[in-house]
Every structure is written in structure tokens, then in C-alpha cells.
């Protein structure tokens, strides 16, 4: 399973993004095993609406409806999310990133992200691996 961060989804949806094709390769290699935590959906929608437009948002929602992504509600992650936010309070590590990490830890540890700054710190602990 690969848990997707906002940056990965936005790059996937934008053909102009310099990382688009690297993310496409991650997606192709993991079809049927792609997870997006519910708390990340609003952040994704914000950037897609702002930068890519309503048509791209509608296409993304169609992908969700078709089952291209598994949507994870994170019911069992709130303790870990809270721990991460507290541990990295000086960083800070926010709600979206913390839910991606907690969800990934539960699903094998792989995170698709372009955000090496935040996720790289946690990856050094050994609980997640970053792709691409």
C-alpha cells in the first residue's frame, strides 16, 4: 500500500508539474493499493481548486468514485496523529502530514510525497519510506 500526500496527488493531476511523471510511475506500480487519508482531502481540494481549476477537481472526484484510491477514515490513528503533532510541535508537523504518516505506518510505511522537508524527518525514524 502507498499512502498519498497532498503534494503527490497535486503533481499527479498537473501535467505541468516537474514531478508529474515520477508520481505517475509510482501510481502505475501500485494500482489498487493507493490510500488517501480523509483529513488530506480538503487540503488536496484547496490546492487543486486554486491551482488547477474545477475541471481537474471534478476529474479527481471521479477517480475517487471509480475506486482508483482507497479513502481511509483514520479512525484508529488519532492517538498516533496526536503523538506526531506533539513530538514535532517546534517543526511544526500539522494534521494533514501527521495523518498521512499514521495511515502509512498502518499500511506498510510507504508514502508518496514530494515534501522531503517534513516527511524526511519522520522517515529517519524508520517508520515510513518515501517515494519517489
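Restricting attention to segment 35-62, the residues being surrounded by 16 or more Cβ atoms within 10 Å (Cβ to Cβ) and under 20 Å from residue 110 (Cβ atoms) number 8.
Quick grid of which residues meet (1) over 11 Å from the mean Cα position of the chain (by Cα); (2) touching a residue at least 24 places away in the same chain (Cβ under 8 Å); (3) within 23 Å of residue 24 (Cβ to Cβ):
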{"position": "95", "(1), (2), (3)": "yes, yes, no"}
{"position": "104", "(1), (2), (3)": "no, yes, yes"}
{"position": "111", "(1), (2), (3)": "no, yes, yes"}
{"position": "114", "(1), (2), (3)": "no, yes, yes"}
{"position": "125", "(1), (2), (3)": "yes, no, no"}
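Screening segment 8-96 for helices (runs of 4 or more DSSP H) wholly inside it with 3 or more residues that are closer than 24 Å to residue 117 by Cβ returns the ranges 20-29, 38-51, 78-87.
Inspect all residues belonging to segment 79-92 and state whether any of them is more than 29 Å from residue 126 (Cα to Cα), surrounded by 13 or more Cβ atoms within 10 Å (Cβ to Cβ) and over 13 Å from the mean Cα position of the chain (by Cα). The answer is no; no qualifying residue exists.
The residues of segment 97-132 that are assigned to a loop (DSSP other than H, G, I, E, B) and surrounded by 21 or more Cβ atoms within 10 Å (Cβ to Cβ), listed by number, are 113, 128. Residues that are modelled with pLDDT of 95 or more and either closer than 18 Å to residue 97 by Cβ or under 13 Å from the mean Cα position of the chain (by Cα) (or both) do occur in segment 14-25.
The values are calculated or read from the model by the stated rules, or taken from the named source; none is laboratory data. Keep in mind it's a predicted model, so treat the numbers as computed, not measured. Please note: Cβ atoms are built from the backbone with ideal geometry, for glycine as well, and neighbour counts cover all protein chains shown.
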